[in-house]
Amino acid sequence: MLRVCIAQSARSLTRSPATRLAARFPAAIPRSLAPSRIISTQQHRMASNKAAPLKLKNPSLWIEKGGFVNGKWTAGANDGTFEVINPGNGQVLGTLPEMTVEDTKEAVKVAHEALKSWRKTTETERAAILNKIFQIMTENSEDLAQIITAENGKPLADARGEVTYGASYFTWFAGEAVRNYGDVIPSAVKGVQNMTLKQPIGVCAISECCFPNAMVTRKLAAALAAGNTVVMKAPAETPYSVLAIAEICRQAGVPDGVVNVVLTQKHTPDVGKELCENPLIHKLSFTGSTRVGKILMKQASGTLKKLSFELGGNAPFIVFEDADLDKAVNGVIACKFRQSGQTCVCANRILVHDAVFDKFSQKLADAVRKFKVGEGVKDGITHGPLIHEAAVNKVQQHVDDAVSKGAKVVVGGKKLDVPGYFFEPTVLADVQSCAIDNEETFGPLAALYRFKTEEEAVEMANNTEVGLAGYFFTENIARLYRVAAALEVGMVGANTGVISQAAIPFGGIKESGFGREGSKYGLQDWTNIKLIAVGGL
Ligand code: SIN
């Protein structure tokens, strides 16, 4: 996450006296989210400094020694430490060493050296290692889920789902690796035979965010399948999941130096710059904001690196008058409120036809009132916290701005003054001309806009610089094909709010970036195509 992470990592590690008081006296909690629905509120411990150690069945997956370079755990220059906070209770989950630009250079050198032999392994050998990683991830899925929930806050059931999803990229790319065919191309010139080989790109840099486990595996599995070596910059908010995956790679027999992890919070911009400028790196794959993507693209231009960017979205979700409203509500719940609204493919603007607007907003609000918000490890919790305080403040700004422009709060609308970083799941009706039009909220805020015609809905949906995902619900088959083709996005969910799986090409258009992850196309993004023209035949 490079530059953006540094801003995001500016957590307040101690809570204000007012916040502590509110945690003790839950009567201070807004009425619209009564304690019966916030399971964890009364059970929250005070945000004391250090959390109790996470109890894992396989303690080897909890790594505190540092990053991973050349098959060894290392603190590198050990330039101080940074704290990782559990966003569900505000406690310090652990402390990790700060690594530096010099440590990053060393990791790149090591990856460059390891490339010499790794690129010569056969696709079948690499597929066997990927399948082994899948197997170890599956055997340790409960521990991996506990780590995700501790550092990201999502409910355990969702974290378990993320591990299954994350592991699936290893079996998927094991299958793709052995079918990474080249071509024999008819020649226009007599006596010449043209053919292509798919080859690794070289040392690749990976920087991601949002999904602590599955975003790492979506990139890493494809990179390894194609025969590349990698240097990953772990997000400062969720480094433990990345370290656990590195340990699993080691246990699965990935040779030393093929997978490397650098840790830092304070040097994030400089480490990011190094990954963009280091001439030994030939590809950078980044998931994060459009703003940071533009910075990285400039920085990488000096060495003309191959880039894959999965950047910000502003997904429209259109509910037509002929939609099955109950299915559309379920679609919004799945899409808008997944990970409490913190995925790049979450709906940001929900466009609802005038004729069904009131009915739909009531149905949605009724469903949202049933959410159980709290610490993800607790039983019955359906929705967890946001990743840090700045994320909570951004949702509040979006709500306040929309309300000042005439939107009505149907449910929610406020941050929760409890330990951890919580915002009430919120539905706003009659949203218009406000910050949400153009900015991703990245939080549990469903903003409902009105429209009257299909043309108007499509125009509103496309009226944004970005184009990652778009969704709509309709029972009209002709409209389904028409609107799917008209939406300016990389991925469309028609009558579904869930699109992600290893088999699909994940990625955007416009300022949402370029490149595809997952699917058969995902492997191609990590390979070079080489032409061999054989003459004199
Ligand atoms: C993302 O937020 O980038 C990923 C979400 C997903 O894979 O569905």
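The values are calculated or read from the model by the stated rules, or taken from the named source; none is laboratory data. Just so you know, these numbers come straight off a predicted model, no measurement behind them. Using ideal geometry, Cβ is built from the backbone for each residue, glycine included, and neighbour counts are taken over all protein chains shown. To get the accessible areas, we keep the full protein, side chains included, count just its heavy atoms, and leave off ligands, DNA and RNA. Shrake-Rupley method; radii C 1.70, N 1.55, O 1.52, S 1.80 Å.
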Theoretical FRET efficiency, 1/(1+(r/R0)^6), r = Cβ-Cβ of L280 and N78, R0 22 Å, to 0.05: 0.40
As an exercise, take the mean of 1/r over every pair of distinct alpha carbons in the stretch 439-537, invert it, and state the Kirkwood radius in angstroms. 16.1 Å
Restricting to DSSP H runs of at least four residues, report the calculated mean residue ellipticity at 222 nm for the chain, -39500 (n - 2.57) per run over all residues, nearest 500 deg cm²/dmol. -11500 deg cm²/dmol
Backbone HN-Hα couplings from phi across the stretch 73-82 [Karplus 6.51/-1.76/1.60, Hz, Gly and Pro as x]: 6, 8, 8, x, 6, 6, 8, x, 9, 10
Can you give the accessible area of Y181 in Å² (nearest 10), computed on protein heavy atoms with a 1.4 Å probe? 150 Å²
Just subtract the alpha-carbon distance of E113 and I509 from 0.36 nm times their residue separation and send over the number in nm, one decimal. 139.0 nm
Can you give me the convex hull volume of the Cα atoms of the stretch 194-296, divided per residue and expressed in Å³? 122 Å³
What angle do you read, to the nearest 10 degrees and between 0 and 90, between the alpha-carbon axis of helix 101-118 and the longest principal axis of the chain? 50 degrees
Theoretical FRET efficiency, 1/(1+(r/R0)^6), r = Cβ-Cβ of E456 and A390, R0 41 Å, to 0.05: 0.75
What FRET efficiency, computed as 1/(1 + (r/R0)^6) with R0 = 35 Å and r the Cβ-Cβ distance, is obtained for K359 and A435, rounded to the nearest 0.05? 0.80
Provide the per-residue ³J(HN,Hα) series for the stretch 226-240, in order, calculated from phi with Karplus coefficients 6.51, -1.76, 1.60 and θ = phi - 60°, each as a whole number of Hz, with x at glycine and proline positions. 7, x, 8, 10, 9, 10, 10, 9, 6, x, 5, 7, 9, x, 5
What's the local net charge at S519, with K and R +1, D and E -1, over the other residues with C-beta under 15 Å away? +1
Can you compute 3J(HN,Hα) from phi for each residue in the stretch 264-279, using the Karplus curve 6.51 cos²θ - 1.76 cosθ + 1.60 with θ = phi - 60°, rounded to whole Hz and x for Gly and Pro? 6, 10, 6, 9, 3, x, 6, 5, x, 4, 4, 5, 7, 9, 4, x
Inter-site label distance for Q251 and A486 at 7 Å from Cα along Cβ, in nm: 5.2 nm
R349 accessible area, nearest 10 Å², 1.4 Å probe? 10 Å²
Rounded to the nearest 10 Å², the accessible area of F514 at probe 1.4 Å: 80 Å²
Hey, rough spin-label estimate for Y181 and K520, points 7 angstrom out along Cα→Cβ, what's it come to in nanometres? 0.8 nm
If you look at just the Cα atoms of the stretch 184-233, how large are its Rg and its Dmax in Å? 17.3, 54
For a label point 7 Å from the Cα of R479 along Cα→C-beta, name the residues of the stretch 331-357 whose backbone N is under 14 Å from it. 351-357
Is the shape of the chain best called rounded, prolate or oblate, per the rule: a/c under 1.5 gives rounded, else a/b larger than b/c gives prolate, else oblate, with a ≥ b ≥ c the square roots of the Cα gyration tensor eigenvalues? oblate
Counting Lys and Arg as +1 and Asp and Glu as -1, what is the net charge of the other residues whose Cβ lies under 9 Å from the Cβ of R179? -1
So what are the stretch 434-475's ellipsoid semi-axes, whole angstrom, largest first, if each one is the square root of 5 times an eigenvalue of the alpha-carbon gyration tensor? 18, 13, 12
Simple spin-label model, 7 Å along Cα-to-Cβ: A52 to T496 in nm? 4.1 nm
Under the 0.36 nm per residue contour assumption, what length would be gained going from the current alpha-carbon distance of M297 and R369 to full extension? 21.7 nm
Sequence-distant or interchain residues sharing an amide H contact under 5 Å with G94, placed H: which? V84
Summing +1 for each Lys or Arg and -1 for each Asp or Glu, what net charge is found among the other residues whose Cβ lies under 12 Å from the Cβ of V410? -1
What is the set of long-range amide H partners of Y471 at a cut-off below 5 Å, with H atoms built 1.01 Å from backbone N? F317, I318, G493
